[in-house]
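Any read-out appearing in this document is the output of simple, stated calculations on the displayed coordinates, not a laboratory observation. None of these values were measured; they are calculated from a predicted model. Neighbour counts are summed over all protein chains in view; Cβ atoms, including those assigned to glycine, are modelled from backbone coordinates with ideal geometry.
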Amino acid sequence: MLLLQAAAQDNRSTTFDDVVEEIGGWIELEQHAGFGNIVVGEVLAVLREDAERWSPQDVPNAVIYYRVAVLEALRGDAKGEVSIKYSGADTMSPDTRTFGPLEVGKRYLFSAGSLTSDGSYPVYAGMGTIQVPNDEVQAQLVKEFSSDLIPTAIAEEREAIEAATAAAERQRKR
């Protein structure tokens, strides 16, 4: 199983268009922009491995904590060196895109949630990571996220908040 995961990661695409296709297309790319913390980072080390259950009925879910150097912060407050709590690395499914554990020394675009009480940013295998194979792909990802995807996601979030606020006000007046 680990050999298949390693082979899948070694065969990852090296052009921006191929990377977008590999993650499932533009719609998938757009979904990454909705996360509160979006960074390009290099994995420096594995800090620890653990398991968690999302509910009492679930099987244990692998969790790996990584130390990551933030190379470019596109959205949110993550900077410097951070801890990433990477969940689902052992799950082979369409959602995880057969993503196994991250590789030390490799770059990824991380779509992370808010800083948790344990001092880490939560990231989910596959849907929260895009491997960045080279400087050209990194530059294109940064350009697309900074100039279009993140501003669009922020505008949509504001519209949703305004609509919810207006609905609550109408409800309150009844």
Given a Förster distance of 35 Å, report the FRET efficiency between Leu44 and Lys143 from their Cβ-Cβ distance, rounded to the nearest 0.05. 0.90
Based on the Kirkwood radius over alpha-carbon pairs, what is the Stokes-Einstein translational diffusion coefficient of the range 21-87 at 20 °C with 1.002 mPa s viscosity, in µm²/s? 156 µm²/s
What nm distance separates the two modelled labels at Asp135 and Ser114, each placed 7 Å from Cα along Cα→Cβ? 3.8 nm
What spacing in nm lies between the two simple spin-label points modelled at Ala160 and Ala73, each 7 Å away from Cα in the Cβ direction? 2.3 nm
May I ask you to sort Asp50, Asp17 by Cβ crowding, counting other Cβ atoms within 10 Å and putting the fewest first? Asp17, Asp50
Calculated FRET efficiency, Glu103 and Ala167, Cβ-Cβ r, R0 41 Å, to nearest 0.05? 0.35
